Amino acid sequence: MRSMTTTVEVTATERYGYLDLTDDLRRAIKDAGVTDGAAIAFCEHTTAALLINEWEDGAMADFRRHLTEQVPHDGVYYAHDDFDIRTQNMNEDERKNGHAHVKAMMLSATSHAIPVVAGEPGFGRWQRVIFLELDEPKGRRITFHVFGL
Amino acid sequence: MRSMTTTVEVTATERYGYLDLTDDLRRAIKDAGVTDGAAIAFCEHTTAALLINEWEDGAMADFRRHLTEQVPHDGVYYAHDDFDIRTQNMNEDERKNGHAHVKAMMLSATSHAIPVVAGEPGFGRWQRVIFLELDEPKGRRITFHVFGL
Amino acid sequence: MRSMTTTVEVTATERYGYLDLTDDLRRAIKDAGVTDGAAIAFCEHTTAALLINEWEDGAMADFRRHLTEQVPHDGVYYAHDDFDIRTQNMNEDERKNGHAHVKAMMLSATSHAIPVVAGEPGFGRWQRVIFLELDEPKGRRITFHVFGL
């Protein structure tokens, strides 16, 4: 039984920027030496998400538009951003990112569990693992835990 | 330590059709010979989803109505379906299914991780694992990876 | 290889009440004796959810408001609650909770898979595992399956 955790650090180029992490996942599987088992992909952040879907600019633009219409980043009151009343978890450089927390909780896309088959992610033809930044770009950590035979 | 991956092939009878895969999951657990461990249920598609919820026609109809109101399949522009400008991943038989990609990303329900207890899925009383077709019906592959003792 | 499943029982104080289960997850990891591996957090219910996000009252209030606006608990017809026509899964004490099923399916937040690193959940700085009651408060079971070395 093999078991290995690796971390990649990524930064999107813009708010709502996408990054294709499929090759990073593949590398984590190879490094773990697992042929048959599974991989967990985990995003260590509360204002970002991991999607498994197709890497096609139109579909990704459609999703971005829908998500930002549903949960706008301006014109809506977010208690998380009301620094006159908020007391918890305040930082020196606290950002107004209440919208990104709501988006992240709606998506609930922090982790995925993916079969590993013949040393590769058990993805269908169009599937890719995709990082989505919901806040302003910053350094983000994605962890892959791979286990199996 | 036992570890086994099995795949089932399913086809819904209609767009937004549901299929109860709980017995398929049970069979995968039995076939793996796992008594205590966990199972990963994974949908290999970008326009379909796996839900864990109650199999009750009313609740499933309510959810279908909500989802299609939120993300309509017509009357909305989807860049994914704009074949005049789209260049990536074009097939001979490309379908207009941009709505289904947006639904799938909103749900983010490609995989689930389920404890296995006493040789059965560790489900509560009403839980079932349910396939939901978001596109026109076609053959779909669902993978179960079961591991443990 | 170690592998252990533990269950905690929780009850929220109100509808849409949140409970921080991070210490319960930590205890499950310690009890399993796993240093490097992964943990599955699984909610055994069809009208409740597990979130991984920040424990900050404002963000949690923002999310509650958004979710209840999207899927209202009154003023909308739910076939699940139409006891004149419904035939499946009827209990003596059947509750009108169709809204909670739709919320749960939209979130699709029944399970999470979390790396375990150095005997702790591999969480980023702000991440907590949070139970969210979607129905009236009642006793709920959350299962942690921990495995690894």
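The values are calculated or read from the model by the stated rules, or taken from the named source; none is laboratory data. Please read all numbers here as calculations on a predicted model, not as lab measurements. Quick reminder, even Gly has a Cβ in these numbers, built from the backbone with ideal geometry, and neighbours come from all protein chains shown. Ligands, DNA and RNA are stripped out before the accessible areas are found, and what is left, the full protein with its side chains, is counted by its heavy atoms. Shrake-Rupley method; radii C 1.70, N 1.55, O 1.52, S 1.80 Å.
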Between B:Asn89 and C:Asp74, how many nm apart are label points set 7 Å from Cα along the C-beta direction? 4.4
Rounded to the nearest 10 degrees, what's the angle between the helix C:57-70 long axis and the longest principal axis of chain C, both from Cα atoms, 0 to 90? 40
Solvent-accessible area per residue for chain A (1.4 angstrom probe, square angstrom): 38
Return the value, in Å² to the nearest 100, of accessible area buried between chains C and B (probe 1.4 Å, both sides summed). 3000
Given charges of +1 on the Cβ of Lys and Arg and -1 on the Cβ of Asp and Glu, with all other atoms neutral, how large is the dipole of the range C:30-149 about its Cα centre, in debye to the nearest 20? 320
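Magnitude of the Cβ-charge dipole of the range C:56-102, K/R +1 and D/E -1, about the Cα centre, nearest 20 debye?
100
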Scan chain A and report its longest stretch carrying no GluC sites (Glu not before Pro) that are both in a DSSP loop and have at most 10 other Cβ atoms within 10 Å. A:15-91
So what's the net charge close to B:Gly58: Lys and Arg +1, Asp and Glu -1, counting the other residues with Cβ under 14 Å from its Cβ? -3
Folded to 0 to 90 degrees: helix B:98-107 orientation relative to chain B principal axis, Cα: 40
Go through C:Lys103/C:Lys138; A:Lys103/C:Lys103; A:Lys103/C:Lys30 and tell me which ones have a Cα-Cα distance over 25 Å in this structure. A:Lys103/C:Lys30
Tally up the carbon and sulfur contribution to the accessible surface of the range A:79-128 as a whole percent, 1.4 Å probe, everything protein left in place. 44
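Just to confirm the filter: which chymotrypsin sites (Phe, Trp or Tyr not before Pro) across the range A:77-120 are DSSP coil and have at most 12 other Cβ within 10 angstrom of their Cβ?
For chymotrypsin sites (Phe, Trp or Tyr not before Pro) across the range A:77-120 that sit outside H, G, I, E and B with at most 12 neighbouring Cβ atoms in 10 Å, the list reads A:Tyr77, A:Phe83.
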Which whole-angstrom value gives the distance between the alpha carbon centres of the range B:1-79 and the range B:89-149? 4
Enumerate by residue number the trypsin sites (Lys or Arg not before Pro) in the range C:54-132 meeting two conditions: DSSP loop (anything except H, G, I, E, B), and at most 11 other Cβ atoms within 10 Å of the site's Cβ. C:Arg125
Residue-by-residue Karplus 3J(HN,Hα) for the range C:33-38, coefficients 6.51, -1.76, 1.60, Hz, glycine and proline x: x, 8, 9, 10, x, 7
Sum of side-chain charges, C:Arg141 neighbourhood, beta-carbon under 9 Å (Lys, Arg +1; Asp, Glu -1): -1
Report, in debye and to the nearest 20, how large the dipole of the protein assembly as shown comes out about its Cα centre when Lys and Arg carry +1 and Asp and Glu carry -1 on their Cβ. 1240
Nearest 10, in degrees from 0 to 90: the angle of helix B:22-32 to the longest Cα principal axis of chain B is 50
Per the charge dipole of the protein assembly as shown (beta-carbon charges, Lys/Arg positive, Asp/Glu negative, Cα centre), the residue among B:Tyr18, A:Thr143, B:Phe131 reaching farthest to the positive end is A:Thr143
Residues A:Leu149 and B:Ala118, FRET efficiency given R0 of 22 Å [Cβ-Cβ distance, rounded to 0.05]: 0.35
